[in-house]
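Bear in mind these aren't lab numbers, they're just calculated from the coordinates by the rules spelled out. These figures come from a predicted structure and were not determined experimentally. Neighbour counts are summed over all protein chains in view; Cβ atoms, including those assigned to glycine, are modelled from backbone coordinates with ideal geometry.
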């Protein structure tokens, strides 16, 4: 999470009103420039197709890898992917700032074309060996670690209004999560896992092509390519110094590191154990179809939350996001209390909408309150912290069930979610952080 509180060691963000470019005579309200220009359209296409391909992968791994190597095989393959990502994501932020976010993203996409293409060929040829699955998972996890920090940093470079862009991307992500798994299951049933991996490779190829076609406008002040886009932000800096600078920028923003600490707790107690625990409880009580329906309603809620974030522009985005996150408490609570199917589905809609709205407020705050030259590195620190908590929660969910019933664990999750919202509200740097006004092409 990112942004420096106004009283901390960061320079004021935004220009005086008289220095801001006048709104074009398009009939739109002042300060609401068009979103769908060529740069954002290409970036949106790249992200949407790759998100759709990614959404198919968990189903492909569960069905294809599970049929060959069992639940432990699936867990090991996914664990290698996640572990590699966590280990390398900080370096992904450094390289994105050093060599340019777009270059790193295109390179990462091409690596994933290779990994998914190799797996497609292997499944078409016959059962692939386990070592190949693990090796490709490690390479794919490394590629994602190189891709995601730059993807976050690219948004303010391709969109004049980062909040609208983030909300639009969140809606696309939710739709991908709704449609991707269903298509993957259908394709595996009708053809083979090789088809799913081949389509996934194709999505990354299209993503790389779209990203390669993005052209950045020079900054109004210097006429140069924006920092973090393609041109290296600095020369002659060591890797260790880059990591240290990113850490210093991250640590200097109280609202950022405080949110990440809370989010690590969320990962361990809420997000990590939620899927294995809720799938077991809902599946045992109402059947696997009911759990699949609940996941679909979660995706529908995510779409609604993204659409709401398109409309609302709160002056204090993280404070508004905290209010929304309080509604997420309903999701683990309705599962833990063995509610009927209508209440269960309503809880998943509320949970999906709450998390989507928070995600947009958070991503926009990070992008608009962090200097472009260090944004990718700062994003890497917040990504690494968030994902590490979720990974630990997933690992601990199994042993915890041996000690406490899944229902009681989910009650703990609900309590932890509410306690986290109270903590977010109690920290002045989070509660008072204000929305940054876009200036030079939407960048702070």
### Message
If I take R0 = 41 Å and measure r between the Cβ atoms of residue 261 and residue 212 in this structure, what FRET efficiency does the formula 1/(1 + (r/R0)^6) give, to the nearest 0.05?
### Response
0.60
### Query
Quick one: which of 86-92, 281-287 comes out on top by average Cβ neighbours within 10 Å, and what's the full order, highest first?
86-92, 281-287
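Sorted by packing (mean other beta-carbon atoms within 10 Å per residue), highest first, where do 151-158, 349-356 land? Kindly include the intermediate steps, with their values, before the conclusion.
Working: 151-158: 27.6, 349-356: 24.9.
The densest-packed peptide leads the list: 151-158, 349-356.
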### Message
How would 215, 377, 313, 98 line up from fewest to most surrounding beta-carbon atoms within 10 angstrom?
### Response
215, 313, 98, 377
### Message
Test of understanding: what is the full-extension gain from residue 404 to residue 68, defined as 0.36 nm times their sequence separation minus their Cα-Cα distance?
### Response
117.8 nm
### Task
Using label points projected 7 Å from each Cα along Cα→Cβ, tell me how many nm separate residue 426 and residue 251, to one decimal.
2.4 nm
### Message
Could you give the length gained by full extension between residue 346 and residue 419, i.e. 0.36 nm per residue of separation minus their alpha carbon distance, to one decimal place?
### Response
24.1 nm
### Task
Sticking with the crude label model, points 7 Å out along Cα→Cβ, report the distance from residue 280 to residue 110 in nm, one decimal please.
4.5 nm
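Show me 358-369, 411-422, 318-329 ranked by packing, highest mean number of other Cβ atoms within 10 Å first. List each step's numbers first, then the result.
Details: 358-369: 26.3, 411-422: 18.9, 318-329: 22.1.
Ranking the peptides 358-369, 411-422, 318-329 by packing returns 358-369, 318-329, 411-422.
Taking 0.36 nm per residue of sequence separation and subtracting the Cα-Cα distance, how much length would be gained by fully extending the chain between residue 179 and residue 121, in nm to one decimal?
Working: separation 58, 0.36 × 58 = 20.88 nm, distance 2.42 nm.
Result for the pair: 18.5 nm of gain on full extension.
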